[in-house]
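Visitor: One structure is given below, represented as structure tokens, and several questions about it will come after.
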Amino acid sequence: MVLVASELATNLVKYAGGGRLIFSTLHEAGRKGLQIESLDEGPGIADLRKSVCDGYSTAGSLGVGLGAVNRLMDELKIRARAKGGMKLVCRKWLREAVLPLVNSPLDFGAASRAKAEDNGDDFVIKQWGAHALVGVIDGCGHGTLAHRAARIARHYVEGHFDRPLGEIFSGVELACQGSRGVVMALLRFNWMQGEVIAASVGNVEVRIFDAGQSLPVRVRRGILGVHAPRPLLTTLPWTRTSMAVLFSDGVSSRWGPEEVVPWAGLKADAMAQAVLRARGKTSDDATVLVVKQKIP
Ligand SMILES: [Mn+2]
């Protein structure tokens with residue numbers, strides 16, 4: 001919070017000719033948080049929005065500063081004010097200690113292969129309490145700039161893994177502005193409730209299989225970092241026979257539920273390797289992430 005306050009104050013003094021910081025406590029639905037609002041009458045937000053991306057900077061330390069605010073805080077909103085200038089509101093919620101993992105029934109595996117030296121794909125696997133978050137991220141294009149965009153997105157997701165999926169996407173949208181941009185699909189599991197929530201923007205494929213069927217997941221077109229729409233959330237049941245496969249566009253999508261059958265007996269990491277071997281293309285970075293029930 002000290003670093004965030006200092007970055008915002010620095011922005012006001014250096015770039016907006018002054019302004020106000022307003023600190024308040026939040027009490028909402030049984031949780032507590034801290035909010036900082038930054039108000040100014042400076043030159044506006046056009047470049048400031050871009051500057052949220054790490055490394056982007058029109059003048060000195062500005063870009064890194066707002067990038068840090070986005071990374072460190074749970075929520076960040078930036079708006080133009082009617083009278084000119086900018087309003088920035090950021091919030092951080094108090095967390096209980098991260099819940100210890102309880103009896104996870106899930107088995108995770110991922111396999112990734114770069115087209116060239118730097119992999120422009122990335123993935124995330126996190127578990128806590130009775131929850132897990134997994135995702136596949138594809139930086140646009142390939143090579144160093146794609147790798148950089150994907151890494152910015154992954155760092156944001158890892159720092160905000162327990163936030164609602166819609167908010168994680170908004171944060172990645174801000175964090176990736178000024179980069180090549182990424183496409184991303186995330187799944188959040190709650191195995192006590194036997195459900196999985198899927199969200200995807202762009203062309204990372206999400207396949208959720210159960211009993212030989214592929215269940216439909218809603219996807220939005222767009223690139224995070226380049227005015228992506230908010231994702232649509234799809235909630236599906238997760239049973240003992242469910243299986244999820246996420247893959248970047250470096251993996252062919254021309255296969256159906258019937259092809260999963262021979263892979264059903266494999267552990268998740270062996271299955272991810274098998275899908276990549278069978279369906280990976282050599283023309284792009286390729287990543288497969290598999291979630292299954294643990295085989296007893
Ligand atoms: Mn790709």
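Visitor: Evaluate the distance, in nm, between pseudo-label points positioned 7 Å from the Cα of Ser24 and of Glu195 along their respective Cα→Cβ axes.
Guide: 3.1
Visitor: What does the net charge come to around His142 if you take all other residues with beta carbon closer than 15 Å to its beta carbon, with K and R at +1 and D and E at -1?
Guide: Net of charged neighbours comes to -2.
Visitor: What does the highest-first list of 271-281, 176-186, 149-159 look like by mean Cβ count within 10 Å?
Guide: Averaged packing, sorted descending, gives the order 176-186, 149-159, 271-281.
Visitor: Hey, another quick one. Show me 246-256, 286-296, 203-213 ranked by packing, highest mean number of other Cβ atoms within 10 Å first.
Guide: 286-296, 246-256, 203-213
Visitor: Here's another thing I want to ask about it. Calculated from DSSP H runs of 4 or more alone, at -39500 (n - 2.57) each and per residue, what is the 222 nm mean residue ellipticity of the chain, nearest 500?
Guide: The helix-only estimate for the chain comes to -7000 deg cm²/dmol at 222 nm.
Visitor: Considering just Cα atoms, how many Å³ per residue does the convex hull of segment 106-293 enclose?
Guide: That works out to 97 Å³ per residue.
Visitor: I want the antiparallel fraction of DSSP beta bridges within segment 186-226, as a percent rounded to 5.
Guide: Expressed as a percentage, antiparallel bridges in segment 186-226 total about 90.
Visitor: Between Arg220 and Lys281, take the C-beta separation as r, use R0 = 22 Å, and let me know the FRET efficiency to the nearest 0.05.
Guide: After rounding, the FRET efficiency stands at 0.40.
Visitor: Same structure again: How much net charge surrounds Arg91 when only the other residues with a Cβ under 12 Å from the Cβ of Arg91 are counted, with Lys and Arg +1 and Asp and Glu -1?
Guide: With Lys, Arg at +1 and Asp, Glu at -1, the neighbours total 0.
Visitor: Something else now. Excluding residues fewer than 8 places away in the same chain, name every one of the lysines whose C-alpha is closer than 30 Å to that of Lys115.
Guide: Excluding near neighbours in sequence, the set is Lys50, Lys126, Lys267, Lys281, Lys292.
Visitor: Be a star and scan segment 163-184 for residues whose amide nitrogen sits under 17 Å from the point 7 Å along the Cα-to-Cβ vector of Lys87.
Guide: No residues fall inside that zone.
Visitor: In the chain, if the dipole is taken from +1 on Lys/Arg beta carbons and -1 on Asp/Glu beta carbons about the Cα centre, which of Cys90, Gly159, Cys176 is farthest to the positive end?
Guide: The residue sitting most towards the positive pole is Cys90.
Visitor: Which of the aspartates and glutamates could a cross-linker bridge to Lys92, judged by Cα under 13 Å and excluding same-chain residues fewer than eight apart?
Guide: Counting by Cα, and skipping residues close in sequence, Lys92 has these aspartates and glutamates nearby: Glu28, Glu37, Asp74, Glu75, Asp162, Glu167.
Visitor: Which length gain, in nm to one decimal place, applies between Lys267 and Glu117 when the Cα-Cα distance is subtracted from 0.36 nm times their residue separation?
Guide: Contour length minus the Cα-Cα distance gives 51.2 nm.
Visitor: Please compute the contact order of the chain in relative form: average sequence separation of alpha-carbon pairs under 8 Å and at least six residues apart, divided by the residue count, as a percent.
Guide: 16
Visitor: Further question: Below 11 angstrom from the Cβ of Arg230, what's the summed charge of the other residues (Lys, Arg +1; Asp, Glu -1)?
Guide: -1
Just so you know, all these numbers are worked out from the coordinates, no wet-lab data involved. All values derive from a computational prediction rather than experimental measurement. Positions of Cβ are generated from backbone atoms using ideal geometry, with glycine treated the same way; all protein chains shown enter the neighbour counts.
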